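The values are calculated or read from the model by the stated rules, or taken from the named source; none is laboratory data. Keep in mind that this is a model prediction, so the values were computed, not measured. Using ideal geometry, Cβ is built from the backbone for each residue, glycine included, and neighbour counts are taken over all protein chains shown.
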Amino acid sequence: MICLTIDCEQWNLAELRGNIFPENNNTMFSFLGNEKLLYLFDKHNIKSTFFITGFFAENEKLQVKEIAKKHEIASHGYSHDYWKNKKLDIEKDIKKSKEILEKISGKRIIGFRSPQMQFSEQLIKSLEKLNFKYDSSLHPSFIPGKYSNQNLPIKPFKPFNYEIIEFPAAVFPTTRLPVSWTVFRNMPSAWINSAVKGLLKREINPVIYIHSWEFIKFKRRGVPFYVTAQTGNKFYRKLENFIKYWENKGQEFCPLQQLI
Ligand SMILES: [Zn+2]
C-alpha cells in the first residue's frame, strides 16, 4: 500500500517569506488543483487523505463536502503558519480547524498534519488532548534551516509515550533524502520510485505528500524558482505515470486512516 496524501491550503508561501501580493491567502490555486486531483483519483479508483486547513474549508465548503464523499478528510490546522508565527496558540488553531472540518464534512476527523511539517512533543500532546488518532507531521530527513529529524524513525511509531500514531513522510531509507512535493516534481521518476521500492522492501507504507496547488500553473511571485517549477499539467502527467507504474506492480493506494 502507498499513501498519496494531499495538503490543501490557502496560498501563503510568498507571505511566509514576507512578500505581500493580492493573491496571498487565496484558496483558488488549491481549489483548481483539487478539481484535477479528484478527476485523476476517480479515473484510477484511488482513495486518498486530504489534509485541509480550516480556512480553506470555510471558503470552499462545497468542494470539501465533495472530497469527503470519497476520500478521508484530515486537519492541516487553520492558519497555515506554524513556522514563522511564534505567537500562534497551536492547540487553539488545531481545535478550530477540527470543528470546522467536522461540521462541513459530517465526519469525525482523526488525522493531522502540521503546516510546514512542524513536529514536536507539544504538538502530539495537543493532538492527544483533542482526540486525534494519528499525526503525519514528521519529515524524518534533514532540511537545512527548517528541521533536522534524520535520527527519528522512518516507520510508524508512538512518539513521546502518547497514544497518537505517527506516520512519518517517505524518505530514502538509508540516506534520508526527501521525496515529497518539490522533490517529487523536480527529480526524475526513477529517483522517487527507488525510494518507494526501498520503503516497501522494509515493509513500510510510503507516505508521500504533495499540494493541491502544485497541479496549477500560475505566475510565481515572491517564492524561489523550485517552489513552482514543473507544476501544472507536467506534474499531473508525472503523478499519473507514477500511479500507473505502481498499479502495474500490484500496489494499492489508500488513505492513511486505513493503516490504523
Ligand atoms: Zn501546508
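For segment 12-24, the set of residues classified as more than 13 Å from the ligand (Cβ to nearest atom) and assigned to a loop (DSSP other than H, G, I, E, B) consists of Arg17, Gly18, Asn19, Ile20, Phe21, Pro22, Glu23, Asn24, listed by residue number. Of Glu9, Glu35, all but one fail to be at pLDDT 95 or above and within 12 Å of the ligand (Cβ to nearest atom); the exception is Glu9.
Yes or no, residue by residue, for (1) farther than 29 Å from Glu252 by Cα; (2) hydrophobic (A, V, I, L, M, F, W, C):
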site: Glu58; (1), (2): yes, no
site: Lys96; (1), (2): yes, no
site: Ile100; (1), (2): yes, yes
site: Ile109; (1), (2): no, yes
site: Pro115; (1), (2): no, no
site: Gln122; (1), (2): yes, no
site: Lys125; (1), (2): yes, no
site: Leu130; (1), (2): yes, yes
site: Tyr134; (1), (2): no, no
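Right, Lys84: charged (D, E, K, R) and more than 14 Å from the ligand (Cβ to nearest atom) or not? Considered against the rule, which asks whether it is charged (D, E, K, R) and more than 14 Å from the ligand (Cβ to nearest atom), Lys84 comes out as no. Would you check if Tyr236 is closer than 17 Å to Phe119 by Cβ and among the hydroxyl-bearing types (Ser, Thr, Tyr)? It is false that Tyr236 is closer than 17 Å to Phe119 by Cβ and among the hydroxyl-bearing types (Ser, Thr, Tyr). When Phe51, Phe41 are screened for being within 13 Å of the ligand (Cβ to nearest atom), modelled with pLDDT of 95 or more and either not charged (D, E, K, R) or not in a helix (DSSP H, G or I) (or both), only Phe51 passes.
Going by what's in this entry, would Glu203 be described as in contact with an Asp or Glu (Cβ under 9 Å, 6 or more places away or on another chain), acidic (Asp, Glu) and part of a loop (DSSP other than H, G, I, E, B)? No: the conditions fail for Glu203. Just one of the listed residues (Ser79, Ser97) is within 14 Å of the ligand (Cβ to nearest atom), of a type in the set (Ser, Thr, Tyr) and part of a helix (DSSP H, G or I), and it is Ser97.
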